[in-house]
1. Take TRP27 and LYS86, extend 7 Å from each Cα along the Cα→Cβ direction, and tell me the distance between the two endpoints in nm.
2. I need the Kirkwood Rh of region 41-92: take the reciprocal of the average 1/r across all distinct C-alpha pairs and report it in angstrom.
3. Just the C-alpha atoms of the chain: what Rg/Rh do they give, with Rh taken as the Kirkwood radius?
4. Keeping every protein chain in place, order CYS25, CYS39 by accessible area at 1.4 Å, biggest value first, i.e. largest first.
5. Just PRO30, PRO80, PRO42 to compare: in a GNM of the chain, with alpha carbon springs under 10 Å, which one fluctuates most?
6. Could you state the accessible area per residue of region 1-83 in Å², with a 1.4 Å probe and every protein chain left in place?
7. Could you please state how large a percent of the accessible area of the chain is carbon and sulfur, counting protein chains only and using a 1.4 Å probe?
Amino acid sequence: DGRQNVPVSARFSDPDSSCVVRLYCYWKSPAGTYYFLGCSEPVTLTASAVQDATGEYVAPTYVFASNGARVVKVVVTTMPTSGTLKLWAGSY
């Protein structure tokens, strides 16, 4: 709540991987009702040559605008063709 930006990144087991994600934004009323505010354009996250401490290949972080949402969901619209995918999302 109150966050303006949502950074999203991915970790891949395969160095040649990519995925496509969208951010879905919702407003949640005090009564618990969710209202769909919209979604972002699709963004492709691609593995870089950088590996994290576990040996997974890191995608550069993309920063989405939250559009005033109180709840966001990262939706993968295209999965990598091989290997595993882990998503990371934060806020600031």
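1. Each label point lies 7 Å from its Cα, and together they span 3.6 nm.
2. It is 13.0 Å.
3. In the chain, Rg relative to Rh is 1.04.
4. CYS39, CYS25
5. Maximum fluctuation in the GNM of the chain, among the listed residues, is at PRO30.
6. Accessible area per residue, region 1-83: 58 Å².
7. C and S atoms contribute 52 percent here.
The values are calculated or read from the model by the stated rules, or taken from the named source; none is laboratory data. Nothing here was measured: the structure is a model prediction, and the numbers come from that model. Counting neighbours? That spans all protein chains shown, and the Cβs are built from the backbone with ideal geometry, glycine included. To get the accessible areas, we keep the full protein, side chains included, count just its heavy atoms, and leave off ligands, DNA and RNA. Shrake-Rupley method; radii C 1.70, N 1.55, O 1.52, S 1.80 Å.
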